[in-house]
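Read through the structure below, which is laid out as structure tokens, and then see the notes.
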């Protein structure tokens, strides 16, 4: 049986100094306290944005694999009418949720690219007119 290395014998990269650990612990505690005191919708929005920022470039399923896989399975099994109705109801909920802008863009892109070319052109014309009217 070999003797474990003393703290001094470990490479610097393998050691965390007590000061750094204390700083990290204090910051984590402050973060948890801020999340607990925030309104749930605000906390979800900030935490979602933070997770997206921290995990950029990683495959999405690595973050929320079970939720996405469950949804993918259900989507494959659902009938057309059921899929359309559940999607519509879910889309109706978006304005009431603290959903990150990136998530909203992904949903819009998925719906947009599912349309045939002529419907995409008509939608773009409608959207451009609406954007001009809003100015």
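Can you tell me how many residues within region 93-108 are without any contact (Cβ under 8 Å) to a residue 12 or more places away in the chain and under 17 Å from residue 41 (Cα atoms)? Number satisfying all stated conditions: 5.
Take residue 111 and tell me if it is more than 30 Å from residue 46 (Cβ to Cβ) and either assigned to a helix (DSSP H, G or I) or within 20 Å of the chain's Cα centre (by Cα) (or both). Explain how you work it out, then say what you get.
On the way: more than 30 Å from residue 46 (Cβ to Cβ): no; either assigned to a helix (DSSP H, G or I) or within 20 Å of the chain's Cα centre (by Cα) (or both): yes.
Answer is no for this residue.
Residue by residue, here is whether (1) modelled with pLDDT under 90; (2) loosely packed, with under 11 Cβ neighbours inside 10 Å holds:
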site	(1), (2)
38	no, no
47	yes, no
51	yes, no
63	yes, no
97	yes, no
124	no, no
134	yes, yes
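The values are calculated or read from the model by the stated rules, or taken from the named source; none is laboratory data. In this text, all values refer to a predicted model and were calculated from it rather than measured experimentally. Don't worry about glycine lacking a Cβ; one is built from the backbone with ideal geometry, like all the others, and counts go over all protein chains shown.
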